[in-house]
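Worksheet: one structure, shown below.
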Amino acid sequence: MSRPVHTLLLVEDVRCDREQYRSYLMADAICTYRVLEAESAAAGLALCGTQAIDAILLGSDLPDANGLEFLEALSAKGKLRPPVVMIAEGDGTVPSGALSKAIQAIKLGAEDYLIKQQLTPESLQTAVRSAIENTRLRLQLRESDDRFRVSIENMLDCFGIFSAIRDESGQIIDFRFDYLNAAALKSNEMTEADMSKTLCEVFPAHHETGLFADYCRVVETGEPLIKENLIYADTFGTQHLTRAYDMCANKLGDGMVISWRDVTARKQAELALQAANRQMTTIWESMTDAYTTLDREWHIVYANSASTQVISHLSRLEPEEYLGKSHWEVFPWTVGTIIEREYRRAMAEQVAVHFEVLYEPSGDWFEIHAYPSEAGLGIYFRDISDAKRLEAERKRTEATLQQQFNEIESIYTTAPIGLCFVDTDLRFVRINERLAEINGLPVSEHLGRTLREIVPEMADQLEPLYRQVIETGEPILNLEVEGTNRAQPGVLRHWLVSYYPQPDLHQRIVGVNVMVQEITERKQAQMRSEFLATVSQALTNTTSIAGMVQAIGEHLNRYLNTSRFSLVEINEAANEAYVNHSWQLPGVPSLVGVYQIRDFITDELRQAIRNGEMIVFRDVTTDPRIVDSVKYTSLGIGAELNAPLIRDGQWEFSIAVFHATPYNWQRDELDLMRELKERVWSQIERIRAETAQRESEQRLQAIIDNSNAAIFMKDVQGHYLLMNRECERLFNITNDWICGKTDYDLFPQEIAEALRENDRQVLASGKAVTLEEIVPLDDGIHTYVAVKFPLLNQAGEPYAICGISTDISDRIRIEAEREHYVEQSYRLLEEAEAANRSKDEFVAVVAHELRSPLNAIQGWAKLLRTRKFDEATLTKALDAIYRNTQTQVQLIEDLLDISRMVKGTLQINLAPVDLSNVIEVVLDNLRPMAEAKKIQLQTDLTITPQISGDGSVSPS
């Protein structure tokens, strides 16, 4: 659904604010806005005067005026103005000054007042949409109210609105005038001052007449009050009057609305009319002529005594049965007759009518005079049957004689066939225009001349027929005659002729009456139809274009006596005509070849051909549309009839027949070629389509049979329809054997069920589905990926399933092996990473072991350089340095042992080892560092266990 488009004027001097408001509005999903912008109040007011504005978005502070001043100026322009949404500065609160300003803006006509700091896209969009919609609704309401008031005030009928006046108990005691239109005030002879009074105060007779009680019932029950010809007497103004009213009262809230019409004058006129009618009735009843009155709706409202007798005689109805009924209902036979036409003309034109009419069922004639009036139609009529019968008898006698003469004359002048009378000398005595036209001479040139003089070309054929009829007195009926005459020289024509002998009073044959009907077109159409049927039958048996051309050429030769027939393909872009297929009589050169079109025909003729004209050359040596006649004569062509096929304004194809000599092509031959062209083209398209289909099927079959995939087709019940060679090879079966069988005939129950379920899934989805299917073969279980899809008929319903299956067993095996190798590679990688971590840990340990003796050596060396020790301490220090040096040597030997362990050549020399010595060595290594840090080391080696180990290994 399209969104409404509104034009909005944005009046704001701050550019960033304008852009923000515009972006909010453009994001509205309900409305589309065309935004006009103004930076000042003056510019905005100017746009309001020149543009159709649906809404205004107004800033409160403008360089030349504030928002309130803009609203005042806008109001001064007139009543119709667009709604205004005003945006003012604020901090989110509503101080009294801002509230006062908002109230003042609303009073000046603003639809909404928004605070900029509280503004959101949704609030702005909602405010603008609401302003536009509210303005539209107010305008509609005002227009509706104006129309209502204008219509009420201009009513000719009286109209009033009244509200009930109730006492403390809720009882209605009177009615208040709320509204009276101008007609009501005039009818009641009231003034605006009287509107302050109550209904019964102005018209007290409402109580006496019971009308007040009726009004109360309307208000209390809601049931409407309708009265016609209400007689009401009361004081109107200063006069006491009696009036007649038609009125209708309906409940409206706690009151009522009444419309009424003063029909006093009409009532008085009705009474006067009734008196006049009584007088007229007395006159009519004394008349001897029948008299009937119809009202404007054609009801029979009166019939005098004479009329009653006639009507009862004609309709078999009594007065109480037909009075008040429609004239057309009582006399249905008059509908559509002169009676209805004249009665309606009298009423429409308000003219008197006089006519006579026959009532056929009884044979009675009536003379009718009808006189229109405003009330209807007055009809006087009397029976004139006897006079009409005498007149009719006389006219019938005269008419019979005249009719016999007219019939003969009419036949000759109006008959669509040829008529003539020939005497026994075979001379034309009478002939009509049609036969004269057939013979090619005027009527006057036939009379008195013999048959041989008029039609010498056919005299030998016709004269024996006339002689036979004259001599035998027997007619010759519906004889088909063919030949040529001077009307159309050289054209074979066909006629259907009947010969009737004409006897005199003594039954002697005095001549021959002849009826001639031209049937040339019908005969040609019949022959053309027979020819086309024969050709069509021949075409159904041809499967090639060459065979088709051969068949058509032979038939055309027999039918048109043509010497050649060619199928021509046109390439206008290359200016070439290709004759790839042609038939010709023996000894006549073939036309197969490529020809330049411009060498043969003019550009004007080519354009005419594009417009649908046929190529008709009756003599190639004299036709001005031929560029070079020598090119035609050199090919042995004297006349050509060419039927082009036009597609999208382009000449694409033609069939052409030829005579070796000039020939006058006839219209039926042109029609034949037009029809033949369409059939030939349809046959060519059929042959090409069948050839393309065969080639396509052969290509498709070759692809299917040479595909490495197994391809098969089943019907919706699961019966195999075909399979390719790969399927036959895999299952060691033939296509003939599998047709009609199902998967249950090929596979075990479980596998057949799975395959059938896959087929159902494809049929249910209505689209191609890719599946993995397991199939047992002679060499074991194979896995196939199958693409199965439904084949749909023209109604979109599946009629078969096609499947293309590819063996993926090797691929699955390779993928399994690959997954195994990947898993093994991950495991080796994890082992390598673990070994790498062990190496890092080993390096860290070796670094620690190498650093420990070095720290001892470095510590004692530092102490010896900085202090002086006694001999014993000095000796102890040197022993420690030496011992740690040996430890370093031992560590290196340990590393070599690790290498030997890896190589498998390590030797361990087990012997008792004293742990106390090992501990002392360790402590000696740590003591220099401890003393440097003022740490004392104490030992308690009272227990000295021994263990087995290689004492040559460093204890550090």
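Inside the stretch 513-527, residues that are in a helix (DSSP H, G or I) and surrounded by fewer than 19 Cβ atoms within 10 Å (Cβ to Cβ) make up a count of 7.
What do you reckon, is residue 20 modelled with pLDDT under 90 and not hydrophobic (A, V, I, L, M, F, W, C)? Judged against the criteria, residue 20 is not a match.
In the stretch 313-339, the residues that are free of Cβ contacts under 8 Å to residues at least 24 places away in the same chain and in the same structural domain as residue 360 (by the TED database) reach residues that are open to solvent by less than 40 Å² (accessible area, probe 1.4 Å) and of a type in the set (A, V, I, L, M, F, W, C) with C-beta atoms within less than 6 angstrom, at least six apart or across chains, in these pairs: 315/330; 322/300; 322/330; 323/300; 335/328; 338/355; 338/357. Scanning the stretch 377-411 for residues that are basic (Lys, Arg) and in contact with a strand residue (DSSP E or B) (Cβ under 9 Å, 6 or more places away or on another chain), we see that the one that is surrounded by the fewest Cβ atoms within 10 Å (Cβ to Cβ) is 389. Could you please find all residues in the stretch 868-917 being without any contact (Cβ under 8 Å) to a residue 40 or more places away in the chain, farther than 28 Å from residue 940 by Cβ and open to solvent by 90 Å² or more (accessible area, probe 1.4 Å)? Matches in the stretch 868-917: 868, 892, 901, 902, 903, 907. Per the listing 641, 605, 560, the residue uniquely of a type in the set (A, V, I, L, M) and more than 23 Å from residue 532 (Cα to Cα) is 605. Here the stretch 562-579 is the region considered, the condition is being exposed (fewer than 15 other Cβ atoms within 10 Å of the Cβ) and without any contact (Cβ under 8 Å) to a residue 60 or more places away in the chain, and the residue that is farthest from residue 692 (Cα to Cα) is 575. Among the numbered conditions (1) among the acidic types (Asp, Glu); (2) without any contact (Cβ under 8 Å) to a residue 40 or more places away in the chain; (3) open to solvent by 70 Å² or more (accessible area, probe 1.4 Å), the only one that residue 504 does not meet is (3).
When 622, 602 are screened for being farther than 24 Å from residue 576 by Cβ and touching a Pro at 6+ places or on another chain (Cβ under 9 Å), only 622 passes. The residue list 551, 577 contains one member that is modelled with pLDDT under 90 and either under 30 Å from residue 463 (Cβ atoms) or aliphatic (A, V, I, L, M) (or both), which is 551. Checked against the criterion of being in contact with a Gly (Cβ under 9 Å, 6 or more places away or on another chain), of a type outside the set (A, V, I, L, M, F, W, C), assigned to a strand (DSSP E or B) and farther than 20 Å from residue 413 by Cα, the stretch 479-497 has at least one qualifying residue. Taken over the stretch 661-708, residues that are open to solvent by less than 50 Å² (accessible area, probe 1.4 Å) and not in a helix (DSSP H, G or I) amount to 3. Within the stretch 533-548, the set of residues being buried (at least 16 other Cβ atoms within 10 Å of the Cβ), part of a helix (DSSP H, G or I) and modelled with pLDDT under 80 comprises 535, 538, 539.
Cβ separations smaller than 8 Å between residues 6+ apart or across chains give the following pairs from the stretch 707-727 residues that are at positive phi to residues that are open to solvent by 10 Å² or more (accessible area, probe 1.4 Å) and not charged (D, E, K, R): 718/742. Using the structure shown, decide if residue 721 is of a type outside the set (Phe, Trp, Tyr) and part of a helix (DSSP H, G or I). The answer is no for residue 721.
Selection of the stretch 527-560 for residues being farther than 21 Å from residue 687 by Cβ, in contact with a strand residue (DSSP E or B) (Cβ under 8 Å, 6 or more places away or on another chain) and not hydrophobic (A, V, I, L, M, F, W, C) yields only 557.
Within the stretch 627-660, being of a type in the set (Gly, Ala, Ser), open to solvent by less than 20 Å² (accessible area, probe 1.4 Å) and in a loop (DSSP other than H, G, I, E, B) holds for one residue alone: 638. Of everything in the stretch 820-857 that is touching a residue at least 60 places away in the same chain (Cβ under 8 Å) and of a type outside the set (A, V, I, L, M), the residue that is surrounded by the fewest Cβ atoms within 10 Å (Cβ to Cβ) is 855.
Checking each residue in the stretch 796-821 for being aliphatic (A, V, I, L, M) and farther than 21 Å from residue 721 by Cα picks out 808, 812, 814, 816.
Yes/no per residue for (1) part of a helix (DSSP H, G or I); (2) at pLDDT below 80; (3) within 30 Å of residue 898 (Cα to Cα):
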site: 741; (1), (2), (3): no, no, no
site: 756; (1), (2), (3): yes, no, no
site: 787; (1), (2), (3): no, no, no
site: 790; (1), (2), (3): no, no, no
site: 802; (1), (2), (3): no, no, no
site: 822; (1), (2), (3): yes, yes, no
site: 828; (1), (2), (3): yes, yes, yes
site: 836; (1), (2), (3): yes, yes, yes
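The residues of the stretch 345-401 that are charged (D, E, K, R) and in contact with a Ser or Thr (Cβ under 6 Å, 6 or more places away or on another chain) amount to a single one, 364.
Checked against the criterion of being open to solvent by 70 Å² or more (accessible area, probe 1.4 Å) and either hydrophobic (A, V, I, L, M, F, W, C) or touching a residue at least 24 places away in the same chain (Cβ under 8 Å) (or both), the candidates 814, 801, 808 yield just one match: 814.
Against the conditions (1) open to solvent by 20 Å² or more (accessible area, probe 1.4 Å); (2) within 23 Å of residue 664 (Cβ to Cβ), residue 592 satisfies every one except (2). Determine whether residue 747 is closer than 19 Å to residue 723 by Cα, surrounded by 14 or more Cβ atoms within 10 Å (Cβ to Cβ) and touching a Cys at 6+ places or on another chain (Cβ under 7 Å). In short, no. Scanning the stretch 933-946 for residues that are open to solvent by less than 80 Å² (accessible area, probe 1.4 Å) and modelled with pLDDT of 70 or more turns up 937, 939, 941.
For first residues located in the stretch 358-373 and under 14 Å from residue 294 (Cβ atoms), partners that are of a type in the set (D, E, K, R) and lie 6+ apart or on another chain with Cβ distances below 9 Å form the pairs 368/342; 368/356; 368/382; 369/289; 370/342; 372/349. For the subset of the stretch 433-466 comprising residues that are surrounded by 18 or more Cβ atoms within 10 Å (Cβ to Cβ) and within 60 Å of the chain's Cα centre (by Cα), which member is nearest to residue 503 (Cα to Cα)? Top of the filtered list is 435. Scanning the stretch 181-235 for residues that are open to solvent by less than 20 Å² (accessible area, probe 1.4 Å) and of a type in the set (Val, Ile, Thr) returns 218, 219.
The values are calculated or read from the model by the stated rules, or taken from the named source; none is laboratory data. As the structure is a prediction and not an experimental result, all values here were calculated from the model. Using ideal geometry, Cβ is built from the backbone for each residue, glycine included, and neighbour counts are taken over all protein chains shown. Just so you know, the surface numbers come from the protein's heavy atoms only, side chains and all, with ligands and any DNA or RNA stripped out. Shrake-Rupley method; radii C 1.70, N 1.55, O 1.52, S 1.80 Å.
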